[in-house]
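Here's the structure, in structure tokens; my notes come after.
The values are calculated or read from the model by the stated rules, or taken from the named source; none is laboratory data. Just so it is clear, the model here is predicted, and its values are computed rather than measured. Here the Cβ positions follow ideal geometry from the backbone for every residue, glycine too, while neighbour counts run over all protein chains shown. Heads up: the accessible areas ignore ligands, DNA and RNA and are worked out on the full protein's heavy atoms, side chains in. Shrake-Rupley method; radii C 1.70, N 1.55, O 1.52, S 1.80 Å.
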Amino acid sequence: MDYLPQNPAILVSTINTMLRDNEYDSLEALCYNFNTDPEHIKAILFDAGYTYYEEQAQFRPVGS
């Protein structure tokens, strides 16, 4: 994959899968590879109803 999806539902699924499957050891490493800022990704997904849980290295619905 050369780029991250723009659709938030697909983006959250893609990122969570890459982190779960240990393709990247952190959100920062993943974002570095795709030349994007982790805070930008967090903001996009927060607006879509997701928040990042660093201890699980996973985006989850806000409030869960």
Search result, residues across region 41-50 that are open to solvent by 50 Å² or more (accessible area, probe 1.4 Å) and touching a Pro at 6+ places or on another chain (Cβ under 9 Å)
I44, D47, Y50
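Going by the structure shown, is Y53 among the aromatic types (F, W, Y) and surrounded by 12 or more Cβ atoms within 10 Å (Cβ to Cβ)?
No: the conditions fail for Y53.
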Need pairs with beta-carbon distance below 9 Å; first residue open to solvent by 100 Å² or more (accessible area, probe 1.4 Å) and within region 20-40, second aliphatic (A, V, I, L, M); sequence gap 6+ or separate chains.
R20/A57; E23/L30; D25/L19; D25/A57
Would you confirm whether any residue within region 26-47 is within 22 Å of G63 (Cβ to Cβ), in a helix (DSSP H, G or I) and aromatic (F, W, Y)?
yes
Restricting attention to region 4-15, and to residues there that are open to solvent by 30 Å² or more (accessible area, probe 1.4 Å) and in contact (Cβ under 8 Å) with a residue 24 or more places away in the chain, which single residue is farthest from L45 (Cα to Cα)?
A9
Of the conditions (1) on the phi > 0 side of the Ramachandran plot; (2) at pLDDT 95 or above; (3) of a type outside the set (S, T, Y), I10 clears all except one; give me its number.
(1)
